[in-house]
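Enquirer: Encoded as structure tokens, here's the structure I'll be asking about.
Read the figures in this text as sums done on the coordinates, not as results from a lab. Since this is a predicted model, take the numbers as computed values, not measurements. Using ideal geometry, Cβ is built from the backbone for each residue, glycine included, and neighbour counts are taken over all protein chains shown.
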Amino acid sequence: MPNTEEYIGVVLSDVARLLRTEFDRRVRRLGITRAQWLVLTRLHRRPGASHSELAEMMEVEKATAGRMIDRLVANGWVERRSEPGEKRVYLTVEAERVHKRIWRVAEETVETALADLSARESKQLFALLQRVKETLVSGADVPAKGAAGRHSASRASRRPNGNGRIAP
């Protein structure tokens, strides 16, 4: 049995969990949960989302999204607007202010986590994680490492460009 501390899936999971835990600790004093912040972030990126769309973006059931929205409405951070076909959800001016404050906390949390890396290493880590994400999002069946020769040419064409993004 392999040492799980050396398995990349475990390390990635641990890092994600630790980032969430640290972020939660930092935003607790602002009176908002990470789940609520995620709703605000989704609505910031996509104003006027429906309950169904928000549930899909959050990867939760529609009833769960509805309860989250209810709490955010009660806090004065979102408002529902009836539009033809269904209700849409929008951030309030106060929520935009909260979103900016919490976004700074998120950035500070990541900066703290990456503090031991050089700027070059941080960019490289980001580029590599973007490639992994791109592979997973594409749903492509990538051969195991032993068959690397078959897909090395496609990998070479997807090297990160200057801004850390993957060139098509």
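Enquirer: Is there a residue in region 31-49 that is among the hydrophobic types (A, V, I, L, M, F, W, C) and exposed (fewer than 12 other Cβ atoms within 10 Å of the Cβ)?
Expert: No, because not a single residue in region 31-49 is among the hydrophobic types (A, V, I, L, M, F, W, C) and exposed (fewer than 12 other Cβ atoms within 10 Å of the Cβ).
Enquirer: Name every residue in region 3-48 that is outside any helix (DSSP H, G or I) and closer than 17 Å to Leu129 by Cα, in order of residue number.
Expert: The one that is outside any helix (DSSP H, G or I) and closer than 17 Å to Leu129 by Cα: Tyr7.
Enquirer: Here's a follow-up. Starting from residues that are small (Gly, Ala, Ser) and assigned to a loop (DSSP other than H, G, I, E, B), keep the ones in region 71-98 and report whichever is nearest to the chain's Cα centre (by Cα).
Expert: Result: Gly76.
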